[in-house]
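Novice: Structure provided below as structure tokens; questions to follow.
The values are calculated or read from the model by the stated rules, or taken from the named source; none is laboratory data. This one's a predicted model, so the numbers in the text were calculated from it and none came from an experiment. Cβ coordinates were reconstructed from backbone atoms using ideal geometry, including for glycine residues, and neighbour counts include every protein chain displayed. Just the protein is used for accessible areas: all its heavy atoms, side chains included, with ligands, DNA and RNA removed. Shrake-Rupley method; radii C 1.70, N 1.55, O 1.52, S 1.80 Å.
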Amino acid sequence: MKRILTAVMITCLAATVAFAQQEEQKQLTVDVAPMLSVPVGDLSDVAGLGFGAEVIVNYPVMDKLVATGAIGYLYHLEKNNATYSAIPIMVGAKYYFVPGVFAGAELGIHRWSWEVDTGFFGTVSSSSNELTITPQIGYELGKFAVTGQYVISGDLSYVAARVSFPVWSK
């Protein structure tokens, strides 16, 4: 009877440790990600190099699948007397093929604002909301993640690189 009781206790202890490790992996994290972007297509005619940052929320939903949400600000340098900026609001997921290597996609909107100095007529500005899709691929280096993205936002597109690091987890 003592052997059975000991075996049951060891099994329960092992199950508790395994469950605790599983729960440890399912942590909500908040990352900050400085980013650099290069406009392509029509955007490259009117906007220069872009830089900004995003706040990213990650939540593991399955063993290799992580749900994501992000909000940020992106500013493109002046080109041809015009400046562009965007506020991306995105949700998506990333899938880990092997430890550290992931691919994913995000869907959301970009709130674009632009300003053009016309010279004689002064400054003209406007803004619009554009449906956005962002395929991405990345690699985790310890606590840091390097992500490459191709952002398609209406008629405006850019290639971006970001390096994210955790600032909070629960």
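Novice: How far is helix 2-25 tilted, in degrees, relative to the longest principal axis of the Cα atoms in the chain, given as a value from 0 to 90 rounded to the nearest 10?
Specialist: Orientation of helix 2-25: about 0 degrees from the principal axis.
Novice: Using r as the Cβ-Cβ distance of V91 and D117, and R0 as 25 Å, what FRET efficiency do you calculate, to the nearest 0.05?
Specialist: 0.10
Novice: As a test of the formula, what do you get for the chain when each DSSP H run with n ≥ 4 contributes -39,500 (n - 2.57) and the sum is divided by the residue count, at 222 nm and rounded to the nearest 500 deg cm²/dmol?
Specialist: -5500 deg cm²/dmol
Novice: Give me the accessible area of F97, 1.4 Å probe, in Å² rounded to the nearest 10.
Specialist: Its accessible surface works out to 120 Å², give or take rounding.
Novice: Residues of segment 120-144 with the amide nitrogen closer than 15 Å to a label point 7 Å from the Cα of A103, along Cα-to-Cβ, please.
Specialist: Residues 134-139 fall inside that zone.
Novice: So, one more: Of the listed values (1) 0.99; (2) 0.96; (3) 1.22, identify the label whose number matches Rg/Rh (Cα atoms, Kirkwood Rh) calculated from this model.
Specialist: Here Rg/Rh (Cα atoms, Kirkwood Rh) agrees with entry (3).
Novice: Under a crude label model (7 Å from the Cα following the beta-carbon direction), how far is S127 from K26 in nanometres?
Specialist: 3.9
Novice: Separate question: With a 1.4 Å probe and all protein chains kept in place, how much accessible area does D117 have, in Å² rounded to the nearest 10?
Specialist: 80
Novice: So what's the net charge close to Q149: Lys and Arg +1, Asp and Glu -1, counting the other residues with Cβ under 15 Å from its Cβ?
Specialist: -1
Novice: Would you work out the relative contact order for segment 102-153, in percent, from Cα pairs under 8 angstrom that are 6 or more residues apart? If you can, show how the numbers build up before the last one.
Specialist: Working: 89 pairs, mean separation 19.0, N = 52.
Taking the mean separation of contacting Cα pairs over the length of segment 102-153, I get 37 percent.
Novice: Going by the alpha-carbon gyration tensor, a ≥ b ≥ c the square roots of its eigenvalues, is segment 105-154 rounded (a/c under 1.5) or, if a/c is not under 1.5, prolate (a/b greater than b/c) versus oblate?
Specialist: Prolate shape, in that a/c is at least 1.5 and a/b is the bigger ratio.
Novice: Whenever you get a sec, line up S164, S125 from highest to lowest accessible area (probe 1.4 Å, protein heavy atoms).
Specialist: Descending order: S125, S164.
Novice: Give me the net charge for the shell around V32: Cβ to Cβ below 12 angstrom, other residues only, Lys and Arg +1, Asp and Glu -1.
Specialist: Result for the local shell: 0.
Novice: R0 = 30 Å: FRET efficiency of D42 with K170, Cβ-based, nearest 0.05? Walk me through the intermediate numbers first.
Specialist: Working: r = 42 Å, r/R0 = 1.39.
Calculated value: 0.10.
Novice: For E140, what is the net charge nearby, where nearby means another residue's Cβ is under 15 Å from its Cβ and Lys, Arg count +1, Asp, Glu -1?
Specialist: On the way: positive: K64, K94, K143, R162; negative: D31.
Every neighbour counted, the sum reads +3.
Novice: With a 1.4 Å probe and every protein chain left in place, tell me how much accessible area W114 has, in Å² to the nearest 10.
Specialist: 70
Novice: Considering only protein heavy atoms, with the full assembly of protein chains and a 1.4 angstrom probe, order L28, L107 by accessible area, largest first.
Specialist: L107, L28
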